[in-house]
């Protein structure tokens, strides 16, 4: 398995995870997920293989030899099939009962969107309503990272919170006395402020968004005889 080959290569090269993170540019959490088997692919794998002195194709697939082929040009070890990573677009109902991505019934997911690097556990939500307009429009897709810690959030961060199986995303506001509440970005939206209490459960941080300016409606093709 990839996780075993990666740990084997790193230990053989006598490198720590911190060494790999500094040399390759991958995040600590993404590298840990690779080594624990939580994820099985990353665009950083060719660079990791080069840094650890192993063949990139072997590292990714387990096929061939671990040692790079000296007869091949150096850039050749970076050539390998790349599959686009996709993230599920969850419903707000699913977000309302969210615990982790592994617990989501993917059979109920009807839409998938491209997943950025180093965000392997992220998922999308489709914006409903105008509570955060004009920054977020109805129909936008927000990318949510559930691996971040609530204690690391800062005032102004956009976060997703669930309460009694209802989920929402708003701006987190932290006052000087450390009191916290959620605030809609749209000043005309009521209620504009939502108190955070012990029944509110942090789901994740909004780290990106996608807006499609135009999408045509697909029509069934007419077959001509």
Is there a residue being closer than 24 Å to residue 34 by Cβ, assigned to a helix (DSSP H, G or I) and not assigned by TED's automatic domain parsing to the domain that holds residue 27 anywhere in region 138-150?
no
Quick check: is even one residue across region 155-173 in contact with a strand residue (DSSP E or B) (Cβ under 9 Å, 6 or more places away or on another chain), surrounded by fewer than 19 Cβ atoms within 10 Å (Cβ to Cβ), closer than 24 Å to residue 26 by Cβ and modelled with pLDDT of 95 or more?
yes
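Do the conditions hold for residue 84, that is, is it assigned to a loop (DSSP other than H, G, I, E, B), in contact with a helix residue (DSSP H, G or I) (Cβ under 6 Å, 6 or more places away or on another chain), over 21 Å from residue 199 (Cα atoms) and at pLDDT 60 or above?
Values: assigned to a loop (DSSP other than H, G, I, E, B): yes; in contact with a helix residue (DSSP H, G or I) (Cβ under 6 Å, 6 or more places away or on another chain): no; over 21 Å from residue 199 (Cα atoms): yes; at pLDDT 60 or above: yes.
In short, no.
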Could you please find all residues in region 174-188 being within 16 Å of residue 198 (Cα to Cα) and buried (at least 20 other Cβ atoms within 10 Å of the Cβ)?
182
Quick one: which helices (runs of 4 or more DSSP H) lie wholly within region 1-65 and hold at least 2 residues that are more than 27 Å from residue 114 (Cβ to Cβ) and within 20 Å of the chain's Cα centre (by Cα)?
none
Identify all residues within region 140-160 that are touching a helix residue (DSSP H, G or I) at 6+ places or on another chain (Cβ under 9 Å) and within 14 Å of residue 90 (Cα to Cα); write none if there are none.
144, 146, 160
Residue among 74, 67 that alone is out of contact with any strand residue (DSSP E or B) (no Cβ under 9 Å at 6 or more places or on another chain) and modelled with pLDDT of 75 or more
67
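The values are calculated or read from the model by the stated rules, or taken from the named source; none is laboratory data. For clarity, every value in this text was computed on a predicted model and none was experimentally measured. So basically every Cβ, Gly included, is an ideal-geometry build from the backbone, and we count neighbours across all protein chains shown.
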